[in-house]
1. For region 305-315, enumerate the residues that are part of a loop (DSSP other than H, G, I, E, B) and either among the charged types (D, E, K, R) or touching a helix residue (DSSP H, G or I) at 6+ places or on another chain (Cβ under 8 Å) (or both).
2. Among the listed residues V21, V15, V44, which satisfies the condition of being more than 25 Å from T393 (Cα to Cα), part of a helix (DSSP H, G or I) and either under 21 Å from the mean Cα position of the chain (by Cα) or at pLDDT below 80 (or both)?
3. Check whether at least one residue in region 348-358 is surrounded by fewer than 17 Cβ atoms within 10 Å (Cβ to Cβ) and either at pLDDT 85 or above or within 27 Å of S401 (Cβ to Cβ) (or both), and report yes or no.
4. Scan the helices (runs of 4 or more DSSP H) fully inside region 466-567 and keep the ones with 3 or more residues being modelled with pLDDT under 80.
5. Scan region 365-386 and tell me whether some residue there is within 29 Å of F78 (Cα to Cα) and at pLDDT below 85.
6. Is there a residue being open to solvent by 60 Å² or more (accessible area, probe 1.4 Å), of a type in the set (F, W, Y) and at pLDDT 85 or above anywhere in region 126-145?
7. Filter region 215-265 down to the residues that are modelled with pLDDT of 80 or more and in contact with a Leu (Cβ under 6 Å, 6 or more places away or on another chain), then identify the one that is surrounded by the fewest Cβ atoms within 10 Å (Cβ to Cβ).
Amino acid sequence: MGYWILNESLSVMLVLSWLGVNLYLFIDTFYWYENEESFFYTRVILGSGLAWARASASCLNFNCMLILLPISRNLISFIRGASICCRGPWKRQLDKNLKFHKLVAYGIVVNATIHVAAHVCNLERYRLARSARAQGLAAALSRLGDAAGESYLNPVRTLRANTDTELLMTVAGITGLMISLALTLIVTSSTEFIRQISYELFWYTHHVFIIFFISLAVHGAGRIVRGQTPESLLLHNVTVCRGHYAEWQAAAQCPVPQFSGKEPSTWKWVLGPVVLYACERIIRVWRFQQEVVITKVVSHPSGVLELHMKKRHFKMAPGQYILVQCPSISSLEWHPFTLTSAPQEDFFSVHIRAAGDWTGALCRAFDAEGQALKEPWNLPRLAVDGPFGAALTDVFHYPVSVCIAAGIGVTPFAAVLKSLWYRCCEAQPPLALSKVYFYWVCRDSRAFEWFADLLLSLETRMSEQGKTHLLSYHIFLTGWDENQAIHIALHWDENMDVITGLKQKTFYGRPNWNNEFRRIAYNHPSSSIGVFFCGPKALSKTLQRMCRLYSSADPRGVHFYYNKASF
């Protein structure tokens with residue numbers, strides 16, 4: 001419970017605030033439309049369907065205003081950099097931007113479903129009120145607008161059977177249909193299953209949001225839902241005249257009521273975020289035009305492509321990521337990759353594993369599958385957007401940091417460890433960081449090849465500088481064949497590890513996280529420990545549970561703060 005209060009209380013407060021605003025908007029709008037005098041005659045036809053539709057529309061406006069903010073990468077990076085305004089637990093909330101984006105998306109889906117269901121019922125009520133069988137006040141209201149000088153209340157203007165099709169041909173009907181189709185495409189293609197089997201499908205369908213927002217801004221212009229005008233309310237007292245609808249034409253004290261549609265307001269909600277996001281895209285286009293020079297291409301046997309690049313005025317921090325586009329593969333797709341170089345180097349680099357259609361095409365474009373590499377001037381052009389801040393940039397802000405990587409998730413920690421290496425070499429101000437625990441869990445021994453050189457140089461430099469206490473690393477191999485097992489057994493007593501060539505021996509099998517966290521907590525009994533992870537969701541849940549389990553309820557005790565890389 002103590003860990004939960006320290007790490008999750010602010011997140012819960014923000015979620016509850018979001019829910020509270022949604023609830024307030026829904027209830028306030030619902031009661032307003034249930035009691036507002038100008039919509040009395042509208043309620044005669046529609047009943048509570050009017051309030052349900054308008055209340056959900058208010059919540060839709062609010063959530064559509066929020067949905068673009070968490071994916072405005074430059075805004076998030078700017079706020080992260082403003083350390084005076086954003087520190088500690090507030091900065092960790094920025095690392096949950098994609099979670100909040102999904103939460104708001106769920107809010108849009110729920111309210112859109114309510115809105116559509118309410119309007120389906122409203123459409124049926126409009127049709128019934130206009131039918132030949134309709135009687136009473138609802139029928140009288142539906143006939144208004146047939147004569148000259150009258151304004152209509154019921155948008156169904158004919159007695160034909162295909163009124164549904166007729167209304168779908170209006171501005172509100174067409175845009176409502178486009179909004180529903182766009183939202184369905186976006187939501188269904190955003191599932192984890194779709195993203196894993198076809199990231200390209202997720203990428204392209206997500207850009208239907210342009211149609212979604214344009215349709216949303218225009219949707220209210222149809223003014224289907226109408227209410228009594230303020231001028232008409234002064235002349236036509238609803239309380240007195242509602243029972244004398246047969247005499248409206250003749251009675252001077254009860255003239256025929258006049259109606260008009262409500263002025264659309266959705267554009268006022270979404271204009272600011274849309275302009276902000278448009279600026280994000282303009283910045284991306286500007287960065288697309290900037291030249292990226294590829295200085296080195298390395299093909300690793302483990303199917304990993306290493307690219308070294310240079311770009312004018314490019315500044316980075318350890319743990320940041322960039323978006324990469326290769327126009328010869330796709331002129332629209334941008335893919336995130338963590339930087340594996342240190343800020344002190346005169347280039348920036350990424351390591352890319354061929355794990356999908358786009359990354360596979362990129363590796364083939366660079367002839368990274370065992371063929372001879374091309375000359376630099378014959379390489380495909382790349383565009384780079386970023387760098388952008390991420391959770392791993394906070395590694396140096398804790399006195400003790402635990403870095404855990406699974407498979408290719410080791411790439412962001414390459415930049416962190418390289419930066420640590422340079423700080424040991426250079427005369428820089430002392431680090432707040434006094435200890436780094438590094439864990440790498442990997443299934444394929446070939447994946448160690450490109451990273452082992454970095455660990456070997458770091459191991460050597462630490463030893464020369466007398467700072468071997470600063471880094472403790474543990475490598476776990478979870479997959480091997482019979483020949484490897486025999487080779488490992490024959491050379492186990494050698495000073496160097498047979499897999500990595502390091503002094504630190506490789507462990508075989510999965511880590512016992514209970515033992516590891518217990519040992520770290522014992523070694524640092526009163527410390528704030530940052531736990532940083534990049535890898536699969538299943539292991540992430542295990543590590544979060546370990547952080548909860550081994551964090552002390554005493555404010556003066558050890559506390560683990562969990563941070564997961566997300567792009």
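1. K311, R312, K315
2. Within the list V21, V15, V44, the selection yields V21.
3. Checked against the condition, which is being surrounded by fewer than 17 Cβ atoms within 10 Å (Cβ to Cβ) and either at pLDDT 85 or above or within 27 Å of S401 (Cβ to Cβ) (or both), region 348-358 yields no hits at all.
4. Those helices (runs of 4 or more DSSP H) span 482-490.
5. Yes, because at least one residue in region 365-386 is within 29 Å of F78 (Cα to Cα) and at pLDDT below 85.
6. No, that holds for no residue.
7. Here the answer is P255.
The values are calculated or read from the model by the stated rules, or taken from the named source; none is laboratory data. Not measured: the values here are computed from a predicted model. Here the Cβ is made from the backbone with ideal geometry for all residues, glycine too, and neighbour counts use every protein chain on show. Areas reflect the complete protein model, heavy atoms only, side chains present, ligands, DNA and RNA absent. Shrake-Rupley method; radii C 1.70, N 1.55, O 1.52, S 1.80 Å.
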